[in-house]
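All remarks here apply to the structure that follows.
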């Protein structure tokens, strides 16, 4: 983590107020590592083990910290754990560049086994939602609920192409100001000052003073390929096996996941429900975490 503990604490306090939360106390998660197969994974543990577990999976090019406010808001009611998936954050990159959905599904299984998670809630956004769906279809007995945020088996090419252009746009060394400028152009909903500190979780400073992203670009080169598209579309066949309650969340301003996509996906689950979060695009947990938390509480309550 690039932020110091004091900077991280101050950042959470500031972002919580801006998002409309009121917390009596702001705590920081513990940062832990474990090995699954040949890879080392970093995860955030919000410290209330023994309560109903929720595993949070971030989207592509993000890290476990994208869930900070959601976990901070829910930790008194749930045991919240957020994982840096392979090739992201402070987890290992796949040496063989295997970022297939099946490989990431097995990461989730191995992680849940190592932590002893059973009958847990799985919440995923974008890439994390797809990986979560793959796990849910393969191991439906392991989940008590599934939440898919702004993603489904089908892909809207225009919106997904815009994301790929953004994450692949920083291939050359950039200054922090250049990165912030590009990030605000991509998502103008974000507050520039808050964004500056949020990005510290996603960036690594290089010896020459420039910054690089904490994700393996090879993963995004595979996204537009036929193999990845076929693997993703094939997940639709497994929807009927996901018998736990499933919530499909859409950001009202998303250009990646349309309203008809969300409604169709929810109806395809045996026990599905759909909700749209206002004032949010594709990254719902960052754009409007307060309303997302309210929706999660209602669904899981």
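Any read-out appearing in this document is the output of simple, stated calculations on the displayed coordinates, not a laboratory observation. Please read all numbers here as calculations on a predicted model, not as lab measurements. No Cβ is skipped: glycine too gets one built from the backbone with ideal geometry, and neighbour counts run over all protein chains shown.
Odds and ends about this structure:
- Three-way shape label, segment 199-291, alpha-carbon gyration tensor, a/c 1.5: oblate
- Gained length - residue 17 relative to residue 49, 0.36 nm times residue gap less alpha-carbon distance: 8.9 nm
- Considering only the chain, percent of DSSP beta bridges that pair antiparallel, nearest 5: 35
- Sites residue 240 and residue 96, calculated FRET efficiency, Cβ-Cβ separation with R0 41 Å, nearest 0.05: 0.80
- Cα gyration tensor category, rounded, prolate or oblate, for segment 1-127 with a/c compared to 1.5: prolate
- Relative contact order for segment 80-160, counting Cα pairs under 8 Å that sit 6 or more residues apart, in percent: 25
- Helix-only arithmetic for the chain: the sum of -39500 (n - 2.57) across DSSP H runs with n ≥ 4, divided by the residue total, places the mean residue ellipticity at 222 nm at -11500 deg cm²/dmol.
- Inter-probe distance in nm under a simple model that places probes 7 Å from Cα toward Cβ, at residue 208 and residue 255: 3.2
- Between residue 109 and residue 28, the modelled labels are 3.6 nm apart [label points 7 Å from Cα along Cα→Cβ].
- Percent RCO, i.e. relative contact order, over the chain, from Cα pairs under 8 Å lying at least 6 residues apart: 18
- Between residue 7 and residue 221, the contour length at 0.36 nm per residue exceeds the alpha carbon distance by 73.6 nm.
- Spatially, segment 77-135 and segment 246-300 are offset by 20 Å when compared through their Cα centroids.
- Amide N of segment 209-252 lying under 11 Å from the label point, which is placed 7 angstrom from the Cα of residue 178 along Cα→Cβ: 210-212
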